[in-house]
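Beneath this line is the structure, given in structure tokens, with notes to follow.
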Amino acid sequence: GIEPDRFLLTVAGAAVAECIARGKGEESFYFIMLSDTDTALYRREGTTIAYVDSFAWGRRNIVRGVASALGVKEGVAEAIVALFLRGEASDHFLHGLRRVFAGELQLLMNGIALHMKETTRQAYLSASFELPSFLYSPAFARHASSRVKLIPADTSFITALLGFAWGTEENMSAPLHTCIDAAGLLAFYFLPTDATIDTIARRHARWLVK
């Protein structure tokens, strides 16, 4: 069966995927959740949302990659990663770090592609940490020899398309993974009127025995 923490992520990921489907009006896509240590994939096909699999890649991979490339401790690497994401270093240093990031993100793309069907190549991605914007660029996809189109998933489309206010006055958009509780409520809100709690329970029971 699925471990308790993994089960909670499975339920949360399915809830967020439901919100994406409703907000974007799309029937076929993948949703990817990144954490410190893991990447979890979910697939939406028609009206079905399924947990696909997880693999070991997360923020720690980037930190360890930087630490190894520069010969520094991981605590120092954490600070260097933050500097890179803010662009607060010389162009030469940032260029070198970009290559390190690209190498680690290549591993992420490889893992994602390995778990995706050929017929569905669009994936919404939400991470519990900041990622460089070049991850979503066509140029990086070509560099990574990937046909996967990654789209950053945040709450802006829920505000724009579904009419729900989300966020603060300063920031009306947030990564979807940070709004798991609310996403779960929205998923319940979208259930057909004849749906029952038994329907939800049966769905979760199937995930537990996988």
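The values are calculated or read from the model by the stated rules, or taken from the named source; none is laboratory data. None of the values given here were measured: they were computed from a predicted structure. No Cβ is skipped: glycine too gets one built from the backbone with ideal geometry, and neighbour counts run over all protein chains shown. When the accessible area is computed, the model is the full protein with side chains, heavy atoms only, and any ligands, DNA or RNA have been set aside. Shrake-Rupley method; radii C 1.70, N 1.55, O 1.52, S 1.80 Å.
For every residue, the table says whether it meets (1) exposed (fewer than 15 other Cβ atoms within 10 Å of the Cβ); (2) in contact with a strand residue (DSSP E or B) (Cβ under 8 Å, 6 or more places away or on another chain).
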residue: PHE31; (1), (2): no, yes
residue: ARG43; (1), (2): no, yes
residue: ASP53; (1), (2): yes, yes
residue: ARG60; (1), (2): no, no
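Looking at segment 127-153, which of its residues are more than 18 Å from TYR30 (Cα to Cα), in a loop (DSSP other than H, G, I, E, B) and open to solvent by 40 Å² or more (accessible area, probe 1.4 Å)?
Passing the criteria: GLU130, SER145.
The rows are residues; the columns are (1) modelled with pLDDT of 95 or more; (2) under 19 Å from ARG147 (Cα atoms).
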{"position": "TYR42", "(1), (2)": "no, yes"}
{"position": "ALA50", "(1), (2)": "no, no"}
{"position": "ASP53", "(1), (2)": "no, no"}
{"position": "ALA67", "(1), (2)": "yes, no"}
{"position": "ALA79", "(1), (2)": "yes, no"}
{"position": "PHE84", "(1), (2)": "yes, no"}
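Identify all residues within segment 113-126 that are open to solvent by less than 40 Å² (accessible area, probe 1.4 Å) and modelled with pLDDT of 80 or more; write none if there are none.
Selection gives ALA113, MET116, ALA123, TYR124, LEU125, SER126.
For every residue, the table says whether it meets (1) open to solvent by 60 Å² or more (accessible area, probe 1.4 Å); (2) within 27 Å of ALA17 (Cα to Cα); (3) among the hydroxyl-bearing types (Ser, Thr, Tyr).
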| residue | (1), (2), (3) |
| --- | --- |
| PHE84 | no, no, no |
| HIS92 | yes, no, no |
| VAL100 | no, no, no |
| LEU107 | yes, yes, no |
| ASN110 | yes, yes, no |
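Could you check segment 48-126 for helices (runs of 4 or more DSSP H) lying wholly inside it with 2 or more residues that are in contact with an Asp or Glu (Cβ under 8 Å, 6 or more places away or on another chain)?
59-70
What's the number of the condition ALA15 fails, among (1) open to solvent by less than 40 Å² (accessible area, probe 1.4 Å); (2) at pLDDT 85 or above; (3) outside any strand (DSSP E or B)?
Every condition holds for ALA15 apart from (2).
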